[in-house]
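To start, the structure under review is shown below, and the notes come after it.
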Amino acid sequence: MTIRSRTSSRRIAAALIAGGALLLAGCTASSGAHFQGAGDGGGTNAGVAVTTDPSSAPGTLTVTPGANSKNVAPNASVKVAATAGATVTSVTVTAGSSTIKGTLAADGKTWTSTSALKFDTKYTVTVIGKNLANGQSQRTSTFTTVNPTRTVSPHLIANALQMLNSGATYGVGEPIMVHFARAIPTSQRAAIVDALTVTSTPQVDGRWHWINSQQVDYRGEDYWPAGATVSVSANLYGVSLGQGVYGGANAHATIHIGDKHYAVADNKTHMMKVYINDKLVKTVPVSMGMGGSTRGAQGQLINYWTRSGPHVVIVKSPTVTMSSASYGITDPKSPFFYAPETVHDAVRISYSGEFVHLRTWTVGDIGKRNTSHGCINVGAAYASYMYKLLRTGDIVDVVNTPVKVSFDNTVADWAVPWSQWK
């Protein structure tokens, strides 16, 4: 925007040279020149320009956001820059009793805010500067941040049952998951992904993938390397998502990846092979889902297969109470009905109730026949070992059953081909 002086440029230049004045962009100068912020009249995040030739002026200061700017995003930085011989002495940015922190460069040429702004708040910027002739000036301007129609905040989770705990150790199959409390329209998803970053040591190239309207996950083409360190940042605060919606918070976490624990449970052989860092360490007899299906109390289809595909360990518990009523079989006359019973050494691998756990009944079936309701049953000789070994994020891969894992019943990220993970 071109700004015109009320007096001739020649008279202004002469007055400035004679008086050693300091030009402060976005303010009204005492010399009689009028300086208008590019943000005047409702601009957003604008700096300020002056028409006076910089080569003839002792110094200028530019304040961003410009004077009277409206609808400034709260993730914007407040910046003051000095040019043509001027320096910044001090800057204060306030809203009532609240003060925004900032850093003044050692050469006095720039000041930048270091703390976040708030939504729907009017800020006052007070700048003191000086020029080469030690002329000093103080000027004040204001700007106002946007009032969003609503905000959306990210939550870093390990799975649907627990948060991602910064500093914790996870298995090689742990995806990075960002969950939102409400559905995200398709039009807003690209802006969200642009605000998400994942770094790792060693470096792993990965991609984000929306598994549903409320969650976007990150993984590489293969599992994380054992011993890796992974950091995720969801820098969504103040990000415009369109239609007046803004990111309401940031989220950060750093996790560690442990040894590679990988188990393959085979429905045909009734055996589960256990690998640590790709070395076979145990072959464990198991009994898996008996197969077949029935209808639950609400007419829902219930199948008794252990689902094929890579399961990510979700959580584990020393004891879990199980019953057929938990998945819809409530009629005691049903051949599939069973009363609540406590099982031990239970490692959950799906939300629908698949566990690797100790079996103490009909132990003769273990390693010979599949007779469970979908869990991977293990005998006393191996149950404690499996319970101690497996952690959240480890992989239990099931093979040779006709029903596949899906996102509606487990962490199915690794069942999606890499070509479709985008």
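Ser231: within 17 Å of Gly171 (Cα to Cα), open to solvent by less than 40 Å² (accessible area, probe 1.4 Å) and hydroxyl-bearing (Ser, Thr, Tyr), yes or no? Answer is yes for this residue. Considering region 312-321, the residues that are out of contact with any Phe, Trp or Tyr (no Cβ under 8 Å at 6 or more places or on another chain) and of a type in the set (A, V, I, L, M) include one that is least open to solvent (accessible area, probe 1.4 Å), namely Val313. Selection of region 205-227 for residues being surrounded by fewer than 19 Cβ atoms within 10 Å (Cβ to Cβ) and over 16 Å from Val178 (Cα atoms) yields Asp205, Glu221, Asp222, Pro225, Ala226, Gly227. Looking only at residues of region 304-345 that are free of Cβ contacts under 8 Å to residues at least 24 places away in the same chain and touching an Asp or Glu at 6+ places or on another chain (Cβ under 8 Å), we find that the one that is nearest to Val378 (Cα to Cα) is Thr321. Scanning region 359-375 for residues that are open to solvent by less than 80 Å² (accessible area, probe 1.4 Å) and of a type in the set (A, V, I, L, M) gives a single hit, Ile366. So for region 313-336 (the condition being of a type outside the set (A, V, I, L, M), at pLDDT 95 or above and touching a helix residue (DSSP H, G or I) at 6+ places or on another chain (Cβ under 9 Å)), does at least one residue qualify? Yes, region 313-336 contains a residue that is of a type outside the set (A, V, I, L, M), at pLDDT 95 or above and touching a helix residue (DSSP H, G or I) at 6+ places or on another chain (Cβ under 9 Å). When Tyr246, Tyr237 are screened for being assigned to a loop (DSSP other than H, G, I, E, B), in contact with a Gly (Cβ under 8 Å, 6 or more places away or on another chain) and in contact (Cβ under 8 Å) with a residue 12 or more places away in the chain, only Tyr237 passes. When restricted to residues that are under 14 Å from Leu389 (Cα atoms), among the aliphatic types (A, V, I, L, M) and open to solvent by 60 Å² or more (accessible area, probe 1.4 Å), region 263-279 contains 0. Given the options Thr294, Thr254, name the one that is within 30 Å of Tyr385 (Cα to Cα), open to solvent by 20 Å² or more (accessible area, probe 1.4 Å) and hydroxyl-bearing (Ser, Thr, Tyr). Answer to the selection: Thr254. Would you please name the residue that is nearest to Asn370 (Cα to Cα), looking only at residues in region 297-311 that are open to solvent by 60 Å² or more (accessible area, probe 1.4 Å) and part of a loop (DSSP other than H, G, I, E, B)? By that ranking, first place goes to Trp305. With the structure loaded, tell me whether Ala82 is assigned to a strand (DSSP E or B), over 27 Å from Asn235 (Cβ atoms) and among the aliphatic types (A, V, I, L, M) or whether it fails that test. Yes.
If you scan region 125-141, which residues turn out to be in a strand (DSSP E or B) and more than 34 Å from the chain's Cα centre (by Cα)? Selection gives Thr126, Val127, Ile128, Gly129, Lys130, Gln136, Ser137, Gln138, Arg139, Thr140, Ser141.
Looking only at region 280-291, residues that are assigned to a strand (DSSP E or B) and either open to solvent by less than 10 Å² (accessible area, probe 1.4 Å) or modelled with pLDDT under 95 (or both) come to 4 in all. Here Val204 meets the list (1) within 21 Å of Ala168 (Cα to Cα); (2) part of a strand (DSSP E or B); (3) free of Cβ contacts under 8 Å to residues at least 40 places away in the same chain almost entirely, failing just condition (2).
None of Val378, Val399, Val356, Val416 is under 21 Å from Thr269 (Cα atoms), open to solvent by 10 Å² or more (accessible area, probe 1.4 Å) and in contact with a strand residue (DSSP E or B) (Cβ under 9 Å, 6 or more places away or on another chain) except Val399. Screening Trp210 against (1) under 26 Å from Gly244 (Cβ atoms); (2) of a type outside the set (Val, Ile, Thr); (3) touching a residue at least 60 places away in the same chain (Cβ under 8 Å); (4) in a strand (DSSP E or B) leaves a single unmet condition, (3).
Among residues belonging to region 99-124 that are open to solvent by less than 40 Å² (accessible area, probe 1.4 Å) and part of a strand (DSSP E or B), point out the one that is nearest to Val78 (Cα to Cα). Looking at the filtered set, the residue picked out is Ser113.
Considering only residues in region 325-353 that are open to solvent by less than 70 Å² (accessible area, probe 1.4 Å) and of a type in the set (S, T, N, Q), the one that is farthest from Thr410 (Cα to Cα) turns out to be Ser334. Note on region 179-194: residues that are of a type in the set (A, V, I, L, M) and not in a helix (DSSP H, G or I) total 3. What number of residues within region 125-136 are modelled with pLDDT of 95 or more and surrounded by fewer than 16 Cβ atoms within 10 Å (Cβ to Cβ)? Residues flagged as modelled with pLDDT of 95 or more and surrounded by fewer than 16 Cβ atoms within 10 Å (Cβ to Cβ) within region 125-136 amount to 1.
Within region 145-178, the set of residues being open to solvent by less than 60 Å² (accessible area, probe 1.4 Å), assigned to a strand (DSSP E or B) and of a type outside the set (Ser, Thr, Tyr) comprises Val152, Leu156, Ile157, Ala158, Asn159, Gln162, Ile176, Met177, Val178.
The values are calculated or read from the model by the stated rules, or taken from the named source; none is laboratory data. Being a predicted model, the structure only gives us computed values, none of them experimental. All Cβ positions, even for glycine, are placed from backbone atoms using ideal geometry, and neighbour counts span all protein chains on display. For accessibility, only protein heavy atoms count, side chains too; no ligands or nucleic acids. Shrake-Rupley method; radii C 1.70, N 1.55, O 1.52, S 1.80 Å.
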